[in-house]
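Peer 1: The structure that follows is given in the form of structure tokens.
The values are calculated or read from the model by the stated rules, or taken from the named source; none is laboratory data. Not measured: the values here are computed from a predicted model. Every residue, glycine among them, receives a Cβ derived from its backbone with ideal geometry; neighbour counts consider all protein chains shown. Side chains are part of the model used for accessible areas, which takes the heavy atoms of the whole protein and leaves out ligands, DNA and RNA. Shrake-Rupley method; radii C 1.70, N 1.55, O 1.52, S 1.80 Å.
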Amino acid sequence: MRIGILGSGLMGGKLGVIFARAGHEVVFSYSRSRKKLQRLAHDAGSNGRAGTPREAVKDADVLLLAVHWSNVDDVLQQAGDISGKVVATCSLPMNDSDTALIVASESSGAEELARKAPGAAVVSAFGSVPSEVLFAVFEGRRGDGRPSLVYCGDDARAKEIVAALIRDVGFDPVDAGPLRIARYIEPFTLLVAQLAYEGERGPALAYRFEWREERS
Ligand SMILES: NC(=O)c1ccc[n+]([C@@H]2O[C@H](COP(=O)([O-])OP(=O)(O)OC[C@H]3O[C@@H](n4cnc5c(N)ncnc54)[C@H](OP(=O)(O)O)[C@@H]3O)[C@@H](O)[C@H]2O)c1
């Protein structure tokens, strides 16, 4: 696939390099440093190139939105028309000091994004994982016990495309349902990030649901 990266920082930069190494064509865009975009394109090998947000959107099968919430309007404006595009978003609706979600409970960043870009098929994905683990997951992708990654969205075809990318990175995609489920995924992400800061001292998180049919 052709993948346009809108926001080439910790998340967009790493995921873009991984997508390219997995065989996709990737355009890195949206950084204040053209050199950084070129370095990422170089790291991505022959499948990577640097461009503007508009160039990232052109001919893209899927876009990855990975900017701070305060930059969403700006990057969308620079990207131009994204109607008809599949947009995977990991952008969390955080305040300027990154201490709290500013959209939560009755909506989510992913749903707000879908309102800002009404013609696009938005899928919430990758936001629940810290960027630090992405390369390790990619390198371990052929081993047993792939980590799960939840995603959600309203468009079935867009979800299939994003699930394929999640698999390419090395995760086992878990369909969490419609886009409104992002209301629960985004706060969960803050818990994961908080515990990640504790490093080795923190708890190993395990969660599991079991369902057994009641037999009388
Ligand atoms: N980092 C994580 O582990 C993580 C995990 C889950 C979700 N998220 C979410 O993912 C999103 C991206 O996070 P991140 O950590 O990847 O952020 P980041 O490293 O700060 O990357 C943001 C990108 O936006 C660019 N940018 C910022 N202001 C700009 C401007 N005025 N003009 C052009 N480019 C500009 C940055 O460019 P420069 O290269 O110039 O800085 C960078 O490429 C956020 O919404 C965050 O909440 C992050």
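Peer 1: Among the residues of segment 58-79 satisfying the criterion of being open to solvent by less than 40 Å² (accessible area, probe 1.4 Å) and more than 15 Å from the ligand (Cβ to nearest atom), which is farthest from the chain's Cα centre (by Cα)?
Peer 2: Residue satisfying both the conditions and the ranking: A60.
Peer 1: Ok, one more. Residues in segment 68-75: is at least one touching a helix residue (DSSP H, G or I) at 6+ places or on another chain (Cβ under 8 Å), under 20 Å from G23 (Cα atoms) and not basic (K, R)?
Peer 2: no
The rows are residues; the columns are (1) over 27 Å from P178 (Cα atoms); (2) not hydroxyl-bearing (S, T, Y).
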residue: G9; (1), (2): yes, yes
residue: G12; (1), (2): no, yes
residue: S31; (1), (2): yes, no
residue: R34; (1), (2): yes, yes
residue: D61; (1), (2): no, yes
residue: L64; (1), (2): no, yes
residue: P93; (1), (2): no, yes
residue: S105; (1), (2): no, no
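Peer 1: In addition: Any residue in segment 179-201 that is closer than 22 Å to A110 by Cβ and at pLDDT 95 or above sitting within a Cβ distance under 7 Å of a residue that is within 13 Å of the ligand (Cβ to nearest atom) and of a type in the set (S, T, Y)? List the pairs, counting only those 6 or more apart or interchain.
Peer 2: L179/S124; A182/S108; A182/S124; R183/S108; I185/S124; I185/S128; E186/S108
Peer 1: Can you name the residue in segment 18-30 that is touching a Gly at 6+ places or on another chain (Cβ under 7 Å) and within 15 Å of the ligand (Cβ to nearest atom) and is also most open to solvent (accessible area, probe 1.4 Å) among such residues?
Peer 2: Top of the filtered list is Y30.
Peer 1: Scan segment 150-199 residue by residue and report those that are buried (at least 16 other Cβ atoms within 10 Å of the Cβ), under 20 Å from V133 (Cβ atoms) and touching a Lys or Arg at 6+ places or on another chain (Cβ under 9 Å).
Peer 2: If the condition is that a residue be buried (at least 16 other Cβ atoms within 10 Å of the Cβ), under 20 Å from V133 (Cβ atoms) and touching a Lys or Arg at 6+ places or on another chain (Cβ under 9 Å), then Y151, D168, V169, G170, F171, P173 are the ones that fit.
Peer 1: Collect the residues in segment 1-17 that are out of contact with any helix residue (DSSP H, G or I) (no Cβ under 6 Å at 6 or more places or on another chain), within 8 Å of the ligand (Cβ to nearest atom) and either in contact (Cβ under 8 Å) with a residue 60 or more places away in the chain or open to solvent by less than 10 Å² (accessible area, probe 1.4 Å) (or both), keeping them in residue-number order.
Peer 2: Across segment 1-17, the qualifying residues are G7, G12.
Peer 1: Still on this model: Checking A100 against (1) aliphatic (A, V, I, L, M); (2) touching a helix residue (DSSP H, G or I) at 6+ places or on another chain (Cβ under 9 Å); (3) modelled with pLDDT of 95 or more, only one condition comes out false. Which one?
Peer 2: So the condition that A100 fails would be (3).
Peer 1: For segment 1-66, please list each of the strands (runs of 3 or more DSSP E) lying entirely inside it that holds at least 3 residues being aliphatic (A, V, I, L, M) and under 15 Å from K85 (Cβ atoms).
Peer 2: 2-6, 62-65
Peer 1: Does any residue in segment 80-102 that is open to solvent by less than 80 Å² (accessible area, probe 1.4 Å) come within less than 8 Å, Cβ to Cβ, of a residue that is of a type in the set (D, E, K, R) six or more places away or on a different chain, and which pairs are these?
Peer 2: These pairs meet every condition: G80/R54; V86/D61; V86/D155; V86/R157; L92/E186; P93/E112; P93/E186; L101/E186.
Peer 1: Evaluate the following for L195: is it among the aliphatic types (A, V, I, L, M) and out of contact with any strand residue (DSSP E or B) (no Cβ under 8 Å at 6 or more places or on another chain)?
Peer 2: Yes.
Peer 1: Can you pull out every residue in segment 115-146 that is open to solvent by less than 60 Å² (accessible area, probe 1.4 Å) and assigned to a loop (DSSP other than H, G, I, E, B)?
Peer 2: Those that are open to solvent by less than 60 Å² (accessible area, probe 1.4 Å) and assigned to a loop (DSSP other than H, G, I, E, B): A117, G119, A120, A125, F126, G127, S128, V129, P130, G140, R141, G143.
Peer 1: Looking at segment 31-57 only, could you name the residues that are within 12 Å of the ligand (Cβ to nearest atom), open to solvent by 20 Å² or more (accessible area, probe 1.4 Å) and closer than 24 Å to S124 by Cα?
Peer 2: If the condition is that a residue be within 12 Å of the ligand (Cβ to nearest atom), open to solvent by 20 Å² or more (accessible area, probe 1.4 Å) and closer than 24 Å to S124 by Cα, then S31, T52 are the ones that fit.
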